[in-house]
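Asks: Please find one structure pasted underneath; my questions will follow.
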Amino acid sequence: MRRYFHAGLVSGLLLAGNIAYAAQIDESEINHPIGFAQRVDAASGGVAIAGVLGNLTGTEVDDTDYFVFHGMEGDVVTLDIDGGWGGVRSVDTVIAIFGGSNNAMLRMNDDAASIDEGSISRADARIDNFRLPASGYYIVSVSNYPRYFMNGGDVTNPSRYKNGDYKLVVSGVTSQVQQINIEIKPGNNGLAPINPRSNGKIPVALLSSAGFDAMNVDTRSVTFGPTGAEQSLSHCGRNGEDVNGDGRLDLVCHFENQKAGFAKGDLEGIVQGRMKYGTRFEGRGLLKVVPEKRDF
């Protein structure tokens, strides 16, 4: 079943309590069972997710929500339900976090120990100060009382479902930046020459590897220049190409030379961006800035 959210409802949920978050997104179905968990980027300020168990029509349907995020070892995270009780349609929530290859349940909560900002009842479940034991992906899941979670992600009392809206806030997660290999001006022998006065474009290949699929890059996020933050992107190729002959499809993006802003003394170019599921990446490649021609 696919569900749709009313823009006014989502806005009201996210602005409740005048709390600002780095990312504010909607739940996207289908995000159950656990193998279909929705990917979210919870790093650098946290994420607030406007969600609904079932629907808000009054007809109860079976639903459990799962979200997956990447965290780093030692991150102390809080998983907080707000507005579940007292929202458009109240629901008594249960929350849990899973990790590892077998989706072992690491912690679960039914009623919070106290009422925090954004809640009017302890029925809004909350997991406070959970330390991630290793770097990797974790799944946070939301259900209704008395559907408690078990190892692997299934729930007890599967037929006792209730529907309602809620906001899930994930905070305390630090940013993962994946280092990737790039090739500036692919096919060029030696250091890539850059002429700061050129009005042309600089091609840069983002090279796929066993841990990086360049075809999953969010091309709208890609930046390139001496610091990596320069908004210089012209376009990326729609279809991948095997630039380095390793059998994997690489992504070639083209950047406006003037907007990249290289100058005498720069020794490398830096690409930064995000994957479609939120993970940040960075790649560095050596180059040489050729002498500028004098004006006569």
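Asks: Can you confirm whether segment 243-254 contains a residue that is surrounded by 12 or more Cβ atoms within 10 Å (Cβ to Cβ) and at positive phi?
Replies: Within segment 243-254 (the criterion being surrounded by 12 or more Cβ atoms within 10 Å (Cβ to Cβ) and at positive phi), the answer is no, since none of the residues qualifies.
Asks: Would a scan of segment 223-234 turn up a residue that is more than 21 Å from the chain's Cα centre (by Cα), in contact (Cβ under 8 Å) with a residue 40 or more places away in the chain and assigned to a loop (DSSP other than H, G, I, E, B)?
Replies: yes
Asks: Can you name the condition, by its number, that Gln178 falls short on among (1) in contact with a Ser or Thr (Cβ under 7 Å, 6 or more places away or on another chain); (2) outside any strand (DSSP E or B); (3) within 30 Å of Ala214 (Cβ to Cβ)?
Replies: Against the list (1) in contact with a Ser or Thr (Cβ under 7 Å, 6 or more places away or on another chain); (2) outside any strand (DSSP E or B); (3) within 30 Å of Ala214 (Cβ to Cβ), Gln178 comes up short only on (2).
Asks: Okay, next question. Identify the single condition in (1) exposed (fewer than 15 other Cβ atoms within 10 Å of the Cβ); (2) under 25 Å from Tyr277 (Cβ atoms) that Leu132 does not satisfy, given that it satisfies every other one.
Replies: Against the list (1) exposed (fewer than 15 other Cβ atoms within 10 Å of the Cβ); (2) under 25 Å from Tyr277 (Cβ atoms), Leu132 comes up short only on (1).
Asks: If the requirement is being buried (at least 20 other Cβ atoms within 10 Å of the Cβ), of a type in the set (Val, Ile, Thr) and modelled with pLDDT of 95 or more, which of these qualifies: Val77, Val47, Val61?
Replies: Val77
Asks: Shifting gears a bit: Pick out the one residue from Val243, Val252 that is under 30 Å from Gln38 (Cα atoms) and of a type in the set (Val, Ile, Thr).
Replies: Val252
Asks: Give the residues of segment 88-117 that are charged (D, E, K, R) and not in a loop (DSSP other than H, G, I, E, B), sorted by residue number.
Replies: Arg107 - this is the single residue of segment 88-117 that is charged (D, E, K, R) and not in a loop (DSSP other than H, G, I, E, B).
Results for (1) aliphatic (A, V, I, L, M); (2) within 30 Å of Gly99 (Cα to Cα); (3) touching a Lys or Arg at 6+ places or on another chain (Cβ under 8 Å), shown as yes or no for each residue.
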position	(1), (2), (3)
Gly136	no, yes, no
Tyr145	no, yes, yes
Phe149	no, yes, no
Ser159	no, yes, no
Phe212	no, yes, no
Val243	yes, no, no
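Asks: Can we say Asp165 is under 30 Å from Phe130 (Cβ atoms), over 21 Å from the mean Cα position of the chain (by Cα) and assigned to a strand (DSSP E or B)?
Replies: So Asp165 passes the test.
Asks: What number of residues within segment 46-87 are touching a strand residue (DSSP E or B) at 6+ places or on another chain (Cβ under 9 Å) and either without any contact (Cβ under 8 Å) to a residue 40 or more places away in the chain or in a strand (DSSP E or B) (or both)?
Replies: 22
Asks: Show me the strands (runs of 3 or more DSSP E) found entirely inside segment 236-294 where at least 1 residues are at pLDDT 95 or above and touching a Cys at 6+ places or on another chain (Cβ under 9 Å).
Replies: Once the strands (runs of 3 or more DSSP E) in segment 236-294 are filtered for at least 1 residues that are at pLDDT 95 or above and touching a Cys at 6+ places or on another chain (Cβ under 9 Å), what remains is 251-256, 268-275.
The values are calculated or read from the model by the stated rules, or taken from the named source; none is laboratory data. Everything quoted here is computed from the prediction, not taken from an experiment. A quick note on method: Cβ atoms are made from the backbone with ideal geometry, for glycine too, and the neighbour counts reach across all protein chains shown.
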